[in-house]
Amino acid sequence: MNIAETLKLAFASIMAHKLRSFLTLLGMIIGMTAFMVVLSLLQGFNGYVDEKIAGIGSNSFTVQRFNPFEDFKDTDTIAAAQRRNKELSFDELDFIKERAFLIDKIGARAGNTTRSIRVGSESLEDVSITGVEPIIGEIENVDVAYGRYFTEAENNNSMRVAYIGADIASKLFPAGNALGGEISMSGIPYRIIGIAAVKGTVFGIPQDNFVQIPIKTFAANFGGLRWNRAPVFVVTARDGVKMADAVEEVRMLMRIKRKLPPGEKDNFGIVTPDAISGLRESLFGTISVVILFVPAIALVVGAIVIMNIMLVAVTERTKEIGIRKSIGAKQTDILRQFLFESGMLAAIGGIIGLILALIIGQIITAMVFPTRIPWWAAVIAIGVSAGVGILAGLFPAWKAARLDPIEALRAD
C-alpha cells in the first residue's frame with residue numbers, strides 16, 4: 001500500500017470518529033497555542049527592543065554620569081558611584097568635539113523633568129520636558145510630522161520654541177492649529193515649531209506626551225543642568241569605524257579631561273546598544289527557556305492523550321486489523337497506517353493551535369506591544385507537533401502491527 005493510500009485511509013479513520021478526534025486534538029491545540037503565544041511574546045519583545053535601539057541609531061552610544069550596568073548593582077555600588085562620578089559638562093563636550101577623529105556627531109540632551117502644559121484654560125499634567133541640542137534630531141532620527149526641528153541659532157539664543165509630541169497637539173489644539181501656536185510651561189510661553197509623528201505606546205505607556213526645547217533654553221528656564229537635569233552626550237561613530245573604537249576614543253578623551261590616572265575606575269558611564277542587548281539577553285535568556293518550558297508541558301500532555309486514544313482505537317479496530325492482515329496487509333502497512341493517523345491528528349492540532357496563536361498575537365499587538373511569530377518557527381512548530389504525534393502513536397501502532405490475524409478475527 002503506497003503513502004497516498006495510507007494517508008487517505010488515516011484521514012478517513014479520523015473523520016469517522018469526529019468527536020473523539022476533536023477531543024484528541026484538544027490537548028495538542030491548547031499546548032501548541034500556549035507555546036506559540038509565549039514564543040510570539042518573547043520574539044516580539046526582543047524585536048521591539050532591537051527596533052528601538054535602531055531607531056536611535058544602531059551606531060550611537062551615550063556618555064552619562066553613571067553606568068547603569070555597573071554602578072547600580074547594589075546600595076554600596078550606588079553610594080560609591082554617587083561619590084565618585086561627576087556630572088558631565090559642556091567643557092567636556094567641547095573637548096571631545098575638538099579632539100575626536102572616530103566620531104561623526106555628538107550632541108547633548110538634558111532633563112526629563114515633568115511639568116503641566118497650558119493652552120488657554122486647557123492643561124495637561126505630567127508632561128515630559130527635555131532640553132536638547134539641534135543635532136540630536138539627526139542622531140536619533142527624529143520623525144517630524146509637521147514643521148521642523150530646532151536650529152543652532154534658536155539654541156544659541158535660548159529662544160522659547162518647542163517641539164511637541166502628537167498627544168500634546170491633539171489634546172491642547174483639537175482644531176488642528178498647533179503648529180505656530182503657543183504653549184505655557186511654568187508661566188513661560190513657547191512657540192510650537194514642530195510636531196512629532198505618532199509613536200504610540202510601549203507596554204501601555206504613551207510615547208507622544210512630551211515637549212522638547214533647546215537645551216540652553218532649558219538651562220535658563222528650569223534651574224540649570226544639575227542633578228536629574230544634568231546633560232548626557234549622544235554620540236555616533238563615523239561610517240566605516242567600529243563602534244568599539246569610537247567608544248574607546250571617547251572614553252580616553254573623557255579620562256584625559258578628568259585627569260584620571262591609569263588603573264583608576266572611570267568616573268562616568270558609557271552605554272552602547274550592545275550593552276542594552278546584552279542586558280536583555282542576560283535578564284531574559286534563562287527566563288525565556290523557563291517560560292517556554294511551561295507550555296511545552298502541555299504538548300507532552302497532548303501527546304499522552306493521543307497515545308491513549310490510539311491504544312483505544314487499536315482495541316476497537318482489532319477485527320479490522322485482522323481482516324486487513326488476512327487479505328495480505330503486512331505489518332509495515334498496519335504500522336504505517338496508525339503512525340500516519342496519530343501524526344496527522346497531531347499536525348492538524350498544531351495547525352489549529354498556530355492559527356489561534358496568530359489571532360491572539362494580533363489582539364496583543366493591538367492592545368500592548370507588537371508580537372511576532374517567525375515563519376521558521378511556524379514551520380518547525382507544525383513539524384514538531386507531527387513528530388510528537390508519531391512518537392505518541394509508535395507504541396499503539398507497534399501493538400496493532402504485531403496482532404495475530406487469527407486472534408484478531410475472533411475479536412468482538
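Bear in mind these aren't lab numbers, they're just calculated from the coordinates by the rules spelled out. Bear in mind the structure is a predicted one, so any value in this text is a computation, not a measurement. Note that we place each Cβ from the backbone using ideal geometry, even for glycine, and neighbour counts take in every protein chain shown.
For the reader, a short list of remarks on this structure follows.
- Overall dimensions of region 72-180, expressed as equivalent-ellipsoid semi-axes from the Cα gyration tensor (√(5λ), whole Å, largest first), are 32, 22, 12.
- For region 134-281, the share of alpha carbon pairs falling in successive 10 Å distance bins from zero is 9, 29, 33, 21, 8, 1, 0 percent.
- Unit charges on C-beta of K, R, D, E only; dipole of region 108-201, Debye: 200 debye
- Full-stretch length increase - Asn267, Phe95 - with 0.36 nm per residue and alpha-carbon distance subtracted: 60.3 nm
- Cross-link pairs beyond the 26 Å C-alpha cut-off, checked among Lys199/Lys242; Lys97/Lys216; Lys73/Lys105; Lys216/Lys265: Lys199/Lys242; Lys73/Lys105; Lys216/Lys265
- DSSP-assigned coil residues among chymotrypsin sites (Phe, Trp or Tyr not before Pro) in region 89-182, each with at most 14 further Cβ atoms within 10 Å: Phe101
- Two-site FRET efficiency, Val144 against Asn46, from Cβ-Cβ distance with R₀ of 25 Å, rounded to 0.05: 0.30
- Two-decimal Rg to Rh for region 152-209 - Kirkwood Rh, Cα set: 1.02
- Against the rule of thumb 2.2 N^0.38 Å, how large the Cα Rg of region 104-164 comes out: 1.24
- Modelled spin labels at Leu292 and Glu125, positioned 7 Å past Cα toward Cβ, are 4.4 nm from each other.
- Computed E for Asn177/Ala220 - FRET, C-beta separation, R0 25 angstrom, nearest 0.05: 0.35
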